[in-house]
Each structure stands twice: as structure tokens, then as C-alpha cells.
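Notes to accompany the following structure.
The values are calculated or read from the model by the stated rules, or taken from the named source; none is laboratory data. Nothing here was measured: the structure is a model prediction, and the numbers come from that model. Cβ placement follows ideal geometry from the backbone for every residue including glycine, while neighbour counts extend to all protein chains displayed.
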Amino acid sequence: MKSFEIADFRPRIMKDAMIIEAIRPPPLPLLKRINVGIGVSSIHCLVLEFVDGSRRGLCLCSNNEPMPLIEENMRYRGGKWVDIERGNYITCVSGYHSNRGSFLCHSIYLGMRFGGDLIFEVNLKESRGGAFHFNIDETSLVCNLIFLTNGTLASLGVFRTSLHLSLLPRHADLLPEIYKEHLTNILFLLSIIRVSNDNSLLAMPLEVRWRIVSFISGFELVNADAVIIENRSS
């Protein structure tokens, strides 16, 4: 029987670690930008980057093995960044698998809530496989596209939240605790705003307070810089 050195297992351990990291939900799944690398017959790289700086996705080298999601690797595989407007998010994912049995897929369409839909595809029509389509529930944010490295998009990683939705009572319970605290403070302050021409402080009806805060979404309760600092220090 062959005795294995620790070094023999290291490449496998590194590969498994990258795959585990690729499917773990990010701390704050609000999209910042998307990196896509398109090859001759397949898409080689698709990475989601979030406002807290974390990344999810896959970037495959020429032998179809996953690489760390760093700038150098994504650039090597032809990856280019597409910026996402803050607060915009993915509402549906569709496209075609690759029939070549490797890499990520032939083409992919990302429908965005506030416009700016994204389409990425290779020019080689012969490598187009079967179609796929995923709809995303209202109270979920896409935090990963899970590929099998055989040209197939297997599933989506989603994070149940209401950060991206207009603030309404039915969404409040899904907010992270820090956001709930800010919302409580806002509702309290609204309750003591002067609502008459005399100098008395009258309580604003709760339904009016909710109508006012519904003009913003959950992530707007904390500004971008504060969110990034909080997540990096945790």
C-alpha cells in the first residue's frame, strides 16, 4: 500500500475549500459587480462581488479546475467587470448549458429588478446545450450561481432577506438586527413629529409612519460605508 504525504492531499484540500467558499452565503448579499469571462465555446468565469467585498462563483482554468477568485485569475480567463447599480438585484436567471461537458455554460441571462438586464454568451452556436430557467422568490437574494464544471448550471444559492424590498410591516421581521434597530428609531421619531399647526406634539398614526418609510428599502437604513465597516470587523 502506498503511504501518502500531506502534500499529496493539499491540492484536493485547496480545491474543496474553494468549492465550499463558493457556495457559502456572503454576510451581506447586495450586489456590487459581476465578473464574466467568455471563451470560444463556453463561459469560463462568472463571479458575483458584493458590497462587503466578498465574492462567490467560479473561475476555471484551462484544465477545468477552479482557481481562487482573485483579479489576476479572472483577468487571465478573460473576465471583465460589470458594475451593478446599488440596490439592483437579480430576479431571474436563464440561458443554455454547454454541451462540451466542461466549464460553466454556453450563455446566461440575468434579469435585473431595476433594469440593466445582462446577457453573456459565446459565439459558437454548436456548443449550446439544453435550456435552464430559474425564478427568484420576492424575499430572496441570489448569492451564488452554482455550476457543476461540466457546462451545467445546477442551482442558485439564495439568501432569505428583505434588505432589497420596500419597507413594509410584513418584511420587517426578515431584516438583520442592526437594520431593525434603525427602523425602530425611525418609526419612533416619526411618531413624535408635529402634525398640527399648534405647538403640541401629536402621535403620528402607525399606518402613516409605515407609508412614509415604505419609500425606502431595507439596505438604505445604513449607509454603504457603515455597512462595509461593520461586516469587516465582525
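Summary table below
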quantity: Out of ASN99, ASN123, ASN135, sole residue that is more than 17 Å from SER42 (Cβ to Cβ) and either basic (Lys, Arg) or in the same structural domain as VAL40 (by TED's automatic domain parsing) (or both); calculated: ASN135
quantity: Where GLY87 falls short, out of the listed (1) under 15 Å from LYS32 (Cα atoms); (2) modelled with pLDDT of 95 or more; calculated: (2)
quantity: Candidates LEU175, LEU141, LEU156, LEU190 - the one that is outside the structural domain of ILE43 (by TED's automatic domain parsing), closer than 25 Å to ASN88 by Cα, buried (at least 16 other Cβ atoms within 10 Å of the Cβ) and of a type outside the set (Val, Ile, Thr); calculated: LEU175
quantity: Failed item in (1) farther than 14 Å from GLY39 by Cβ; (2) exposed (fewer than 13 other Cβ atoms within 10 Å of the Cβ), with GLY116 passing the rest; calculated: (2)
